[in-house]
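Here is the structure we will look at, set down as structure tokens.
The values are calculated or read from the model by the stated rules, or taken from the named source; none is laboratory data. What you are looking at is a predicted structure, and each value in this text was computed from that prediction instead of being measured. Cβ placement follows ideal geometry from the backbone for every residue including glycine, while neighbour counts extend to all protein chains displayed.
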């Protein structure tokens, strides 16, 4: 009996240590204690890919289908005209898009209709590969408790999620996928990520 109690106590101790270490790993990405990370984190972080692109990768603008998606994105966060049905997601307070480059202005174009609908400025001060810098900026405490949306290029989105301390994010964003939302929240300083469907256009995935 005494041995069983000792084993149970040891198991509980090991579990507690492992749980604490798990939380600390999420906070370690920012060199802060879990409580500090939680206090500085946004309430919700949404990450989306820019909308559909042309066949020619060097063309900097969205494809017609991409502009159609961009026009629909506000209705993820706002009621449809004449509808009393509430939107599926809370409205962003802050918008980021990767800086326009020679061969792509697509992230900025994708959320321009959303910015206009919400009367928000798009922060596009960070280059596509500056994932660590934008993560540091978002986690600085300036956007604590706010809803933040980032629109980026798919090739860097997994690295972007990693920069926020997410450990279970897919390593690759499929080149053919434009209709997903990566939602990140923080619990006890540790990021938790779920993948949601946009369900905006015909043919979009429902899961």
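What are the pairs with Cβ atoms under 6 angstrom where one residue, in the stretch 96-123, is on the phi > 0 side of the Ramachandran plot and at pLDDT below 95 and the other, located anywhere, is buried (at least 19 other Cβ atoms within 10 Å of the Cβ) and assigned to a loop (DSSP other than H, G, I, E, B)? Sequence gap at least six, or different chains.
none
Here is a check on your reading of the model: is residue 140 modelled with pLDDT of 95 or more and crowded, with 20+ Cβ neighbours inside 10 Å?
no
Return the residues of the stretch 157-179 that are in a loop (DSSP other than H, G, I, E, B) and surrounded by 18 or more Cβ atoms within 10 Å (Cβ to Cβ); say none if nothing qualifies.
The answer is 164, 165, 166, 169, 173, 178, 179.
Do the conditions hold for residue 120, that is, is it over 22 Å from residue 37 (Cβ atoms) and crowded, with 16+ Cβ neighbours inside 10 Å?
Judged against the criteria, residue 120 is a match.
Give me the residue from the stretch 115-156 that is assigned to a helix (DSSP H, G or I) and under 28 Å from residue 79 (Cβ atoms) and, out of that set, nearest to the chain's Cα centre (by Cα).
Per the stated criteria, the residue is 138.
Inspect all residues belonging to the stretch 167-178 and state whether any of them is in contact (Cβ under 8 Å) with a residue 40 or more places away in the chain and under 19 Å from residue 42 (Cβ atoms).
The answer is yes, given that some residue of the stretch 167-178 is in contact (Cβ under 8 Å) with a residue 40 or more places away in the chain and under 19 Å from residue 42 (Cβ atoms).
When the stretch 69-101 is examined, which residues are found to be surrounded by fewer than 20 Cβ atoms within 10 Å (Cβ to Cβ), under 14 Å from the mean Cα position of the chain (by Cα) and under 22 Å from residue 128 (Cβ atoms)?
Answer for the stretch 69-101, where residues must be surrounded by fewer than 20 Cβ atoms within 10 Å (Cβ to Cβ), under 14 Å from the mean Cα position of the chain (by Cα) and under 22 Å from residue 128 (Cβ atoms): just 94.
Inspect the stretch 69-78 for any residue being modelled with pLDDT of 95 or more, assigned to a loop (DSSP other than H, G, I, E, B), out of contact with any strand residue (DSSP E or B) (no Cβ under 7 Å at 6 or more places or on another chain) and closer than 20 Å to residue 182 by Cβ and give the result as yes or no.
So far as the stretch 69-78 goes, yes, one or more of its residues are modelled with pLDDT of 95 or more, assigned to a loop (DSSP other than H, G, I, E, B), out of contact with any strand residue (DSSP E or B) (no Cβ under 7 Å at 6 or more places or on another chain) and closer than 20 Å to residue 182 by Cβ.
Here is a yes/no grid of residues against (1) touching a strand residue (DSSP E or B) at 6+ places or on another chain (Cβ under 9 Å); (2) surrounded by 15 or more Cβ atoms within 10 Å (Cβ to Cβ); (3) modelled with pLDDT of 95 or more:
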position: 56; (1), (2), (3): no, no, no
position: 62; (1), (2), (3): no, yes, yes
position: 67; (1), (2), (3): no, yes, yes
position: 127; (1), (2), (3): yes, no, yes
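When the residues of the stretch 30-51 are narrowed to those that are in a loop (DSSP other than H, G, I, E, B) and in contact with a helix residue (DSSP H, G or I) (Cβ under 7 Å, 6 or more places away or on another chain), which ends up farthest from residue 77 (Cα to Cα)?
Applying the filter and picking the extreme gives 33.
Return yes when residue 148 is over 14 Å from residue 37 (Cβ atoms) and at pLDDT 95 or above and no when it is not.
Yes; evaluated as a whole, the condition is true for this residue.
Could you list, in sequence order, the residues of the stretch 180-207 that are in contact with a strand residue (DSSP E or B) (Cβ under 7 Å, 6 or more places away or on another chain), crowded, with 20+ Cβ neighbours inside 10 Å and not in a strand (DSSP E or B)?
198
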